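As structure tokens, the structure follows; a few thoughts come after it.
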Amino acid sequence: MEGLCIGNHQQPRALYVHTFGCQMNEYDSLRVARMLGQEGYRSTSDPASADVIFINTCSVREKAEQKVFSLLGRLKRLKNRNPRLKIVVAGCVAQQLGEDLLDRFPHVDLVLGTRAIGALPGLLHQSLEEGLRKAHLPEHDEEGWKDLFGQSPDWESLVVAPVTIMQGCDNFCTYCIVPYVRGRERSRPAEEILREIRILTRQGTREVLLLGQNVNSYGRGLPDGMTFARLLRRIAHETDVVRIRFTTSHPKDLNDDLIQCFAELDKLCRHIHLPFQAGSDRILARMNRRYSAADYLEKIARLRAACPDMGISADVMVGFPGETEEDFEATLDLIRTVRFDTLFSFRYSDRPFAKSSAYGDKVPEDVKARRLTQLQALQAGITLEKHRQEVGRVRHVLVESESKAGNGQLTGRTSQNRIVNFEGSKDLIGNLVPVRIEEAYSHSLKGVIGRGATPC
Ligand code: SAH
Ligand code: SF4
Ligand code: F3S
């Protein structure tokens, strides 16, 4: 990228990144920061002092999209104050709206679709030098950023690093916009993933979070019958990473080979995020999820048989079109049966392109709101009970950082993905530390560095 001389200034340009949505967006934003870091940019947490503002967007629910619009509205003031400021919008809203975003927000300079991030340095250069305003939505992935990790050894290390292993989704759940904005499912070659993880571990990463909309189907389209379970075994055996996690799993593709990995691979965290979306078979069929509540419960039973101490989280939504009280009760029953550690619960909203947007039997907003409150109250009780059961145990915690509360505490996670705060020296960041759990809260645990008992 020498010819672009984006960073050829006396003062490095300042880059402000704001990320909405899923961890795959977080990963893309990290890549953008690295990519522009190589061009001489430095990161800033203050949008008012930025030369470039990069916004990575999500359109999975109506509320997510509205948050993007409201941020874009607020940025107009900054552009008025500094006409040289460049505002770039990427991610799923960018892919969904393209040119319309440029029309609706005249202070936005570049709109980059979900396959376009690799083109950012070149387009930004043209925008800075020639005032280019453009929506770039290529049909194939732009490759400009493939080798970034190898080229930036001095990058600030992440104790837990995301690694996208596949893009897109072929499942077409009827409520979901993702297949339309992220495109068809495509898996990254295993060698490329292993290489990236080796570089990350050399830079200090201890845990990798493997990302995909449906990681269980990893490998489709790759040579040699590659599967997700094989990828996990290779990462466990062929890299120095200490812990491996992954998200998201689709219940229909969770097979025994993968379940076996939890029993077999010490590095694989005892946690699975397995969205079930609804407990009623009628609704599951209308959602095109391709499993029944009984299938789901059977997979949970198999996971627990292979690994009794498994942390289980999920996504669920209320108010899918046609959801009756009886259907909703089936969802509550499933929650009572599984007793999830954590649940991410959403109110259904219509999305562009999604088939269910055309369904006539919509559930009124007040009913959705009431169901969501009821569901969340049920889960809050279960989470707290499960947290209380942790008190007295000693758990291995991977220390990620100082606690955000700023009270001199450290924060990290157990293998089961529970957040634990405890007092300790900053030098422990990046280490697996035995912590005795002493107090249970609704979203986290508190402990002390443990002695005596064997951690698990
Ligand atoms: N690939 C993952 C989830 C991706 S989207 C999976 O298959 O589970 C994250 C969550 O957003 C979904 O699990 C679902 O619960 C929620 N979601 C997706 N579309 C939605 C919509 N139209 N309305 C409300 N919630 C939605
Ligand atoms: Fe959306 Fe379904 Fe794909 Fe998940 S599996 S991203 S919910 S279409
Ligand atoms: Fe949102 Fe796109 Fe991720 S819609 S959830 S940012 S794939």
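The values are calculated or read from the model by the stated rules, or taken from the named source; none is laboratory data. In this text the structure is predicted, and so the values were computed from the model without any measurement. So basically every Cβ, Gly included, is an ideal-geometry build from the backbone, and we count neighbours across all protein chains shown. Heads up: the accessible areas ignore ligands, DNA and RNA and are worked out on the full protein's heavy atoms, side chains in. Shrake-Rupley method; radii C 1.70, N 1.55, O 1.52, S 1.80 Å.
Things worth noting here:
- Restricting 150, 144 to those that are at pLDDT below 90 and assigned to a helix (DSSP H, G or I) reduces the list to 150.
- Taking the stretch 291-306 as the range and being in contact with a Phe, Trp or Tyr (Cβ under 8 Å, 6 or more places away or on another chain) and surrounded by fewer than 19 Cβ atoms within 10 Å (Cβ to Cβ) as the test, only 306 passes.
- From the list 438, 423, the lone residue that is open to solvent by 30 Å² or more (accessible area, probe 1.4 Å) and in contact with a Phe, Trp or Tyr (Cβ under 9 Å, 6 or more places away or on another chain) is 438.
- Boolean, residue 128 is part of a helix (DSSP H, G or I) and either within 16 Å of ligand 3 (Cβ to nearest atom) or buried (at least 21 other Cβ atoms within 10 Å of the Cβ) (or both): no
- Residues (under 19 Å from residue 293 (Cα atoms), within 12 Å of ligand 1 (Cβ to nearest atom) and open to solvent by 50 Å² or more (accessible area, probe 1.4 Å)) located in the stretch 329-385: 344, 346
- Within the stretch 183-204, tally of residues that are open to solvent by less than 10 Å² (accessible area, probe 1.4 Å) and either under 19 Å from the mean Cα position of the chain (by Cα) or among the charged types (D, E, K, R) (or both): 5
- Test: residue in the stretch 222-241 that is under 30 Å from residue 429 (Cβ atoms), in contact with a Ser or Thr (Cβ under 8 Å, 6 or more places away or on another chain), at pLDDT 95 or above and among the acidic types (Asp, Glu): yes
Yes/no per residue for (1) modelled with pLDDT of 95 or more; (2) crowded, with 23+ Cβ neighbours inside 10 Å; (3) closer than 24 Å to residue 353 by Cα:
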{"position": "79", "(1), (2), (3)": "yes, no, no"}
{"position": "90", "(1), (2), (3)": "yes, yes, yes"}
{"position": "102", "(1), (2), (3)": "yes, no, yes"}
{"position": "105", "(1), (2), (3)": "yes, no, yes"}
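- Residues that are among the charged types (D, E, K, R) and under 22 Å from residue 36 (Cβ atoms), drawn from the stretch 82-109: 84, 86, 109
- Residue 322 vs. criteria under 25 Å from residue 170 (Cβ atoms), surrounded by fewer than 21 Cβ atoms within 10 Å (Cβ to Cβ), of a type outside the set (Phe, Trp, Tyr) and away from ligand 3 (no atom under 16 Å from the Cβ): yes
- You will find that of 187, 249, the residue that is of a type outside the set (A, V, I, L, M) and within 30 Å of residue 362 (Cβ to Cβ) is 249 and no other.
- Which numbered condition residue 309 misses (of (1) surrounded by fewer than 16 Cβ atoms within 10 Å (Cβ to Cβ); (2) within 13 Å of ligand 1 (Cβ to nearest atom)): (2)
- Sole exception among (1) hydrophobic (A, V, I, L, M, F, W, C); (2) open to solvent by 20 Å² or more (accessible area, probe 1.4 Å); (3) in a helix (DSSP H, G or I) for residue 17, by number: (3)
- Looking across the stretch 30-62 at every residue that is within 13 Å of residue 89 (Cβ to Cβ) and open to solvent by less than 10 Å² (accessible area, probe 1.4 Å), the one that is farthest from ligand 1 (Cβ to nearest atom) is identified as 52.
- Filter result (among the acidic types (Asp, Glu) and within 16 Å of ligand 2 (Cβ to nearest atom)) within the stretch 29-72: 62, 65
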